[in-house]
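The values are calculated or read from the model by the stated rules, or taken from the named source; none is laboratory data. The structure displayed is predicted, hence computed values, not measured ones. Because the Cβ atoms are built from the backbone with ideal geometry, glycine has one as well, and the counts that use them run over all protein chains shown. For accessibility, only protein heavy atoms count, side chains too; no ligands or nucleic acids. Shrake-Rupley method; radii C 1.70, N 1.55, O 1.52, S 1.80 Å.
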Amino acid sequence: MYGVNPSKTPVKVRLATTSLAGCFGCHMSLLDIDERLLELAEIAEFDRTPLTDIKHCSRCDIALIEGGVCNAENIQVLREMRANAKILVAVGACAINGGLPAMRNSLAIGDVLHKVYGDPEREGTGVPNDPELPLPLDKVYPINEVVRVDYFLPGCPPSGDAIWKYLTALILGHMPRLEPMAMNYD
Ligand code: SF4
């Protein structure tokens, strides 16, 4: 079995999504499935996702992950979703290879922070050090370097059609496939 087959599932398929180091473009594409959201709502319900504002992931069937891993909180969220999801999908270039945020990987994190936040010697400037802020990692990592990933959905962002096709294949228990022409890089 490659996915979740709703005919074998007495309750709705439970979906979770999150954005780690991403731009929310992949989530915008999910909303681009437009009126098919109503169709999705017939067979699925949402767990943790920016759409529901649920803060923690509970047991779910499919987790869609946007964005790479750039800080300690990303690791925590990703591990929680992996522990709870039967199927975990890396959605978009950032989740798959770090994407645009990984452009900082050739620079030292300290240099990046000082460049962004200013000279620590100057009053009113300097790197924020509030304990509430998640610690940045030395690099931005693809999610498969932190957890096991079951499927990779490429694109930046993947189109709404591609997400719909992929998601419905998984829900129906089929192997998700994407023709090269369906891959989108804006
Ligand atoms: Fe944004 Fe592209 Fe990354 Fe998706 S893959 S989060 S659209 S930059």
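Does I65 meet the test of being under 26 Å from I171 (Cβ atoms) and either part of a strand (DSSP E or B) or touching a Pro at 6+ places or on another chain (Cβ under 6 Å) (or both)? First the steps, then the outcome.
Values: under 26 Å from I171 (Cβ atoms): yes; either part of a strand (DSSP E or B) or touching a Pro at 6+ places or on another chain (Cβ under 6 Å) (or both): yes.
So I65 fits the description; yes.
Starting from residues that are more than 15 Å from the ligand (Cβ to nearest atom) and surrounded by fewer than 13 Cβ atoms within 10 Å (Cβ to Cβ), keep the ones in region 10-38 and report whichever is nearest to P154 (Cα to Cα).
Only one residue tops the list, namely D34.
If a residue must be outside any loop (DSSP other than H, G, I, E, B), open to solvent by less than 30 Å² (accessible area, probe 1.4 Å) and under 18 Å from G25 (Cβ atoms), how many such residues does region 122-178 contain?
The qualifying residues number 8.
Which pairs have Cβ atoms under 8 Å, sit 6 or more apart or on different chains, and link a residue in region 87-102 that is in contact (Cβ under 8 Å) with a residue 40 or more places away in the chain and more than 9 Å from the ligand (Cβ to nearest atom) to one that is among the acidic types (D, E) and open to solvent by less than 20 Å² (accessible area, probe 1.4 Å)?
Short answer, once both residue conditions are applied: I87/D61.
Answer with yes or no whether E45 is charged (D, E, K, R), touching a Leu at 6+ places or on another chain (Cβ under 8 Å) and over 18 Å from L20 (Cα atoms).
Details: charged (D, E, K, R): yes; touching a Leu at 6+ places or on another chain (Cβ under 8 Å): yes; over 18 Å from L20 (Cα atoms): yes.
So E45 passes the test.
Within the group L113, L172, L107, L178, which residue is more than 16 Å from the ligand (Cβ to nearest atom) and either in contact (Cβ under 8 Å) with a residue 24 or more places away in the chain or of a type in the set (F, W, Y) (or both)? Show your work before the answer.
On the way: L113 fails: either in contact (Cβ under 8 Å) with a residue 24 or more places away in the chain or of a type in the set (F, W, Y) (or both); L107 fails: either in contact (Cβ under 8 Å) with a residue 24 or more places away in the chain or of a type in the set (F, W, Y) (or both); L178 fails: more than 16 Å from the ligand (Cβ to nearest atom).
It is L172.
On the basis of being touching a Phe, Trp or Tyr at 6+ places or on another chain (Cβ under 8 Å) and either surrounded by fewer than 22 Cβ atoms within 10 Å (Cβ to Cβ) or in a helix (DSSP H, G or I) (or both), does I54 make the cut?
On the way: touching a Phe, Trp or Tyr at 6+ places or on another chain (Cβ under 8 Å): yes; either surrounded by fewer than 22 Cβ atoms within 10 Å (Cβ to Cβ) or in a helix (DSSP H, G or I) (or both): yes.
Judged against the criteria, I54 is a match.
Could you check N74 against (1) farther than 22 Å from M175 by Cβ; (2) touching a residue at least 60 places away in the same chain (Cβ under 8 Å); (3) surrounded by 21 or more Cβ atoms within 10 Å (Cβ to Cβ); (4) touching a helix residue (DSSP H, G or I) at 6+ places or on another chain (Cβ under 6 Å) and say which number it fails?
The number of the failed condition is (4).
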